[in-house]
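See below for the structure under consideration.
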Amino acid sequence: MPATNEPAVEISGLTKRYGPHVAVDGVDLTIRRGEVFGLLGANGAGKTTTVECAQGLRRPDGGAVRVLGHDPVRQRARLGSRVGSQLQHAELPDRMRVGEALRLFADGPLLDAAVEEWGLGELWGTPFGALSGGQRQRLFIGLALLNDPEVVFLDELTQGLDPVARRSVWSLIAAIRARSTTVVLVTHFADEAELLCDRLAVMRSGRIVAEGTPDELVDRHGPGISLSFTLPDPDVAGLRAVPGVEAVVVSGARVEVHGRRSMVAPVGAHLVARSTGDRPVPDDIRVTEPTLESALIELLDGGDTPNLVPEEVPAS
Amino acid sequence: MSFARKLIRAEWRLFLREPLAMTFVVAFPVITVLVLGGVFDKDDPAFGGATPSDYYVAAYLGVVIAAVGLVMIPVHVATYRERGVLRRFDAAGVPRWAFPFSQFVTGLVFVLIGAAAVWVTGLVSYGVPALHDPARVLAGALSGALAFISIGVLLGVLLPNARAAQGVGMLLFFPMFLLAGGGPPPGAMSSTMADISSWLPLTHVIRAIQEPWLDLGTNTDHIAVNLAVFAVATAWWMARAGVLAAPEAAVA
């Protein structure tokens, strides 16, 4: 289901302290129904505390949280199985078998459907302690989605997994996207957020420092695009004059042009216009696109970051 | 089926697969009662008028209760806290009374299993003494089991992890077992040890069972002590774990 403008989770002015330490400092967030929303940031940025408040596991010191229109602490009973959770650092007893864990939280058609959907039948009699990291996360996703919730919180699902298992978990999250479920994905992996999330918020020191779609964040905070090619006698002044170009670096016959995304076509046109029989258009042009990770590094390593949250986040 | 019923079933299966629990709740009392029942002379006056084998068969129902409360439950509760299983229950909207309730139900079932094992051992070895006042024996055993299961939940809530729970549980179990009636009889102890013994919660559990069973006295005061221990321990772990209070405490 495509995301709608109807909110699934609304957080305003959320504050949470642990003694003198302010873990969450005035967070405002709106997560729409049907979207995969990422909460991204370094360890200790306040992501888990924020979603724990949204799950009713921690009582906020200030601000308001609404999940599907209800207060998750005071109106837990009304939310019930409408919310699913995969918690960070929450396991099961080693001797509990997969089938026993699933039966504990659901039975009947919902259980059968989840077992089939997440391929848990083959693990039914396996004790939790004997599962691999990827199998555990598959079970946790199955448990989180067991009662067909409308909102599901997934906290650091792929931490500690090898690359193959990570990709396997990503495909599970992509399968959740195909349902009508709103997903709140907490992660410190930028590649994961870029691949899976419709929108995301970046947290640092308990605050949200950026919010938008992955492309918007890359455009707004990424280091820019670069073109590199071999040209023995480049027209450096001409390249610098191309709209969108910010810098031209020449090293021997190798030329690197840095700038905004909009410069790509004009630089190409410039090279074509200046080409001759003796000096053809370079055939080794390489385009390096900025990634969310590079944007994140700029954001999180950028000293005192000003308020980068746009006044209005455009609909994705 | 309600979550509490499903949890009790799951907990029952987990305890059956737990070698530490089965060893201390079933094997240890059976072997020890077999050995001690045959060590002393039948007319030894140290047993206050009871025969040694009668004394120990009755006492070892109390030892079973101590094993459930000090060895089996603390490790289990601490493991659940350490591994975030209780957080998982909480996030799934499970009522907060369900887990402690499951510990009381499975704890009582294991007390019955251990007691049955001691009973059968007595039957096939030294004989089982007749129950002088069965209702009072039952009341004594039940009050003692409630007290020690609650102590077990409290230890699981207070101690930082499963290893600490196992270590502290053992440290409490063995001296208490030896001084409260599972080891030497009261008449064989020095006055200092007998004084210490009278202050131990397990002493009151064992006497609450022994006295009406062997017609050695009334057990009202021991039942009162057991219920007081149960009340204090329960209030303590409720305050610490916040089972009926704020979600914050239940997570911590």
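Examine region A:270-289 for a residue that is surrounded by 14 or more Cβ atoms within 10 Å (Cβ to Cβ), closer than 30 Å to A:Asn43 by Cα and not charged (D, E, K, R), and state whether such a residue exists.
yes
Inside region A:16-120, counting only strands (runs of 3 or more DSSP E) that do not spill past its ends, which hold 3 or more residues that are at the interface with chain B (Cβ under 10 Å from one of its Cβ atoms)? Reasoning before the result, please.
Working: elements: A:21-32, A:36-41, A:62-67, A:83-86.
Hits in region A:16-120: A:83-86.
Does B:Val168 satisfy the criteria of being surrounded by fewer than 20 Cβ atoms within 10 Å (Cβ to Cβ), touching a residue at least 40 places away in the same chain (Cβ under 8 Å) and among the β-branched types (Val, Ile, Thr)?
Working: surrounded by fewer than 20 Cβ atoms within 10 Å (Cβ to Cβ): yes; touching a residue at least 40 places away in the same chain (Cβ under 8 Å): yes; among the β-branched types (Val, Ile, Thr): yes.
Yes, satisfied.
Of the residues that sit in region A:189-223 and are part of a loop (DSSP other than H, G, I, E, B) and closer than 22 Å to A:Thr49 by Cβ, which one is nearest to the chain's Cα centre (by Cα)? Give the steps one after another, and end with the answer.
First pass over region A:189-223, keeping only residues part of a loop (DSSP other than H, G, I, E, B): A:189, A:197-198, A:205-206, A:213, A:222-223.
Adding the requirement that they be closer than 22 Å to A:Thr49 by Cβ leaves A:189, A:197, A:205-206.
Numbers: A:Phe189: 7, A:Cys197: 5, A:Ser205: 18, A:Gly206: 17 Å.
Within region A:189-223, the match that is nearest to the chain's Cα centre (by Cα) is A:Cys197.
So which residues in region A:121-137 are of a type outside the set (Asp, Glu), over 22 Å from A:Thr187 (Cβ atoms) and either within 12 Å of chain B (Cβ to nearest Cβ) or out of contact with any strand residue (DSSP E or B) (no Cβ under 8 Å at 6 or more places or on another chain) (or both)?
Restricting attention to region A:121-137, the residues satisfying the condition of being of a type outside the set (Asp, Glu) are A:121, A:123-137.
When the remaining residues are screened for being over 22 Å from A:Thr187 (Cβ atoms), the result is A:121, A:123-130.
Answer for region A:121-137, where residues must be of a type outside the set (Asp, Glu), over 22 Å from A:Thr187 (Cβ atoms) and either within 12 Å of chain B (Cβ to nearest Cβ) or out of contact with any strand residue (DSSP E or B) (no Cβ under 8 Å at 6 or more places or on another chain) (or both): A:Gly121, A:Leu123, A:Pro127, A:Phe128, A:Gly129, A:Ala130.
Tally time: how many residues in region A:291-316 are touching a strand residue (DSSP E or B) at 6+ places or on another chain (Cβ under 9 Å), modelled with pLDDT under 85 and surrounded by 14 or more Cβ atoms within 10 Å (Cβ to Cβ)?
So the count comes out to 9.
So, B:Leu61, is that one farther than 19 Å from B:Trp213 by Cβ, touching a helix residue (DSSP H, G or I) at 6+ places or on another chain (Cβ under 9 Å), part of a helix (DSSP H, G or I) and more than 14 Å from chain A (Cβ to nearest Cβ) or not? Even if it seems obvious, please write down each step before you answer.
Numbers: farther than 19 Å from B:Trp213 by Cβ: no; touching a helix residue (DSSP H, G or I) at 6+ places or on another chain (Cβ under 9 Å): yes; part of a helix (DSSP H, G or I): yes; more than 14 Å from chain A (Cβ to nearest Cβ): yes.
When the stated conditions are applied, B:Leu61 does not pass them.
Could you please find all residues in region B:1-49 being out of contact with any Leu (no Cβ under 6 Å at 6 or more places or on another chain), within 14 Å of another protein chain (Cβ to nearest Cβ) and among the aliphatic types (A, V, I, L, M)?
Across region B:1-49, the qualifying residues are B:Met1, B:Ala4, B:Leu7, B:Ile8, B:Leu14, B:Leu16, B:Leu20, B:Ala21, B:Met22.
Taking only region A:175-194 into account, find how many residues are surrounded by fewer than 16 Cβ atoms within 10 Å (Cβ to Cβ) and closer than 20 Å to A:Glu293 by Cβ.
1
Hey, among B:Arg83, B:Arg88, which residue is free of Cβ contacts under 8 Å to residues at least 24 places away in the same chain, farther than 18 Å from B:Ala4 by Cβ and within 14 Å of chain A (Cβ to nearest Cβ)? Even if it seems obvious, please write down each step before you answer.
Values: B:Arg88 fails: farther than 18 Å from B:Ala4 by Cβ.
Being free of Cβ contacts under 8 Å to residues at least 24 places away in the same chain, farther than 18 Å from B:Ala4 by Cβ and within 14 Å of chain A (Cβ to nearest Cβ) holds for just one of B:Arg83, B:Arg88, which is B:Arg83.
I'd like the full set of residues that are without any contact (Cβ under 8 Å) to a residue 12 or more places away in the chain and either assigned to a helix (DSSP H, G or I) or buried (at least 16 other Cβ atoms within 10 Å of the Cβ) (or both), limited to region B:15-38. Reasoning before the result, please.
Of the residues in region B:15-38, the ones without any contact (Cβ under 8 Å) to a residue 12 or more places away in the chain are B:16-17, B:19, B:22-23, B:27, B:31, B:35.
Of everything in region B:15-38, those that are without any contact (Cβ under 8 Å) to a residue 12 or more places away in the chain and either assigned to a helix (DSSP H, G or I) or buried (at least 16 other Cβ atoms within 10 Å of the Cβ) (or both) turn out to be B:Leu16, B:Pro19, B:Met22, B:Thr23, B:Ala27, B:Ile31, B:Val35.
The values are calculated or read from the model by the stated rules, or taken from the named source; none is laboratory data. What you see is a predicted model, and the numbers here were worked out from it, not measured in a lab. Positions of Cβ are backbone-derived with ideal geometry, glycine not excepted, and every protein chain shown enters the neighbour counts.
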